[in-house]
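This is the structure, below, for whatever I ask next.
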Amino acid sequence: MGDKPIVVLDSPEALYVRAAEEIAHLAGDAICTHGEFTFCLAGGTTPAQTYDLLATRFHYSIDWSEVHFFWADERCVPPDDLGSNFAMANRTMLAKLELRPEQIHRIRGEEQPEAGAHLYEDELRKFFRLAPGAVPSFNLVLLGLGENAHIASLFPHHPALYEKERLAVAVEVDAPQRHRISLTAPVLNNAANVLFMVSGAAKASAVKQVLEGARDLDQFPAQLIQPAKGQVLWLLDREAASLLAPLP
Ligand code: 6PG
């Protein structure tokens, strides 16, 4: 398993709480050091309960007025659609917090995919005051893992895996909500912290391949995550870790 820090939690509930603790800790650090916390949210279903915990049990552990929310990917649907990653985060967390509109930097899934990707890149360049060719560095990127080892909306065998210039791209993938917008690997890998949350037996094979399998980015996109300077932490529940070699 090499150098990848992995923590296995006894249950999905323990995973959700541990993730909220890690996020609150990183938020405190970033706000203390930089005066703000740039939090790139994962979509899908796994982070939902953690988002709810952050807005409830951990509500007073974070100075929410200093947090800026971004997304690793979005499905090309309106922001109130059930399939929207924004809608999920809004329902479980954002709507429960007193936030200023300028703290929410969502991907405009309602736009034409290519236009939505460009709008998001513009938003990133504006917020991070990027020089031409520069890449934003989030304090934290939260990622889930697909059963096919995809991350954000970077799917196996897709040309977007190899994108080196763009910050965000429109992709068409073989999944519910075919049209999506995703951050690219250079952006994900420029984060100060990348936190994976993975739950359930259905993910065990992908976890095994990504963490212990031969390096094959085309097949296992999550292997792309190798931050130049940042930290990576894998939070797994017992079922998701069930095929891994026994941890030391
Ligand atoms: C998305 C996500 C995607 C997700 C994985 C895991 O928009 O679907 O960003 O990368 O994290 O598909 O999804 P679950 O958490 O629902 O299993």
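Along the charge dipole of the stretch 1-77, pointing to its positive end and built from +1/-1 on Cβ of Lys, Arg, Asp and Glu, which listed residue (Cys40, Leu26, Trp64) has its Cα farthest out?
Cys40
Sticking with this structure for a sec: By Kyte-Doolittle mean hydropathy of at least 0.0 and Cα axial length of at least 18 Å, which whole DSSP H helices of the chain are selected?
12-34
Here's a follow-up. Using helices alone, what [θ] at 222 nm do you get for the chain, with -39,500 (n - 2.57) per DSSP H run of 4 or more residues, divided over all residues and rounded to the nearest 500?
-8000 deg cm²/dmol
Would you mind working out the magnitude of the charge dipole of the chain relative to its Cα centre, with +1 at each Lys and Arg C-beta and -1 at each Asp and Glu C-beta, to the nearest 20 Debye?
Dipole size: approximately 240 debye.
For the stretch 164-248, what does the alpha-carbon gyration tensor say about shape, rounded, prolate or oblate, given a ≥ b ≥ c as the root eigenvalues, a/c under 1.5 as rounded, and a/b over b/c as prolate?
Here the stretch 164-248 falls in the oblate category.
Next up: Could you size up the charge dipole of the stretch 1-143 around its Cα centre, putting +1 on the beta carbon of Lys and Arg and -1 on that of Asp and Glu, and report it in debye to the nearest 20?
Magnitude of the dipole: close to 80 debye.
Can you pull out the GluC sites (Glu not before Pro) in the stretch 153-212 that DSSP calls coil and that have at most 13 other Cβ atoms within 10 Å?
Glu165
Another question, if that's okay. Suppose every Lys and Arg Cβ carries +1 and every Asp and Glu Cβ carries -1, with no other charges. What dipole size does the stretch 59-143 come out with about its Cα centre, to the nearest 20 debye?
For this selection, approximately 180 debye.
Out of the stretch 64-115, which GluC sites (Glu not before Pro) are coil in DSSP terms and have no more than 14 other C-beta atoms within 10 Å?
Glu98
Assign one of three labels to the chain, namely rounded, prolate or oblate, based on the Cα gyration tensor with a ≥ b ≥ c the square roots of its eigenvalues; rounded applies when a/c is under 1.5, prolate when it is not and a/b is larger than b/c, and oblate otherwise.
rounded
No lab work stands behind these numbers, since they all come straight from the coordinates. As the structure is a computational prediction, the values presented were derived from the model and not from experiment. Positions of Cβ are generated from backbone atoms using ideal geometry, with glycine treated the same way; all protein chains shown enter the neighbour counts.
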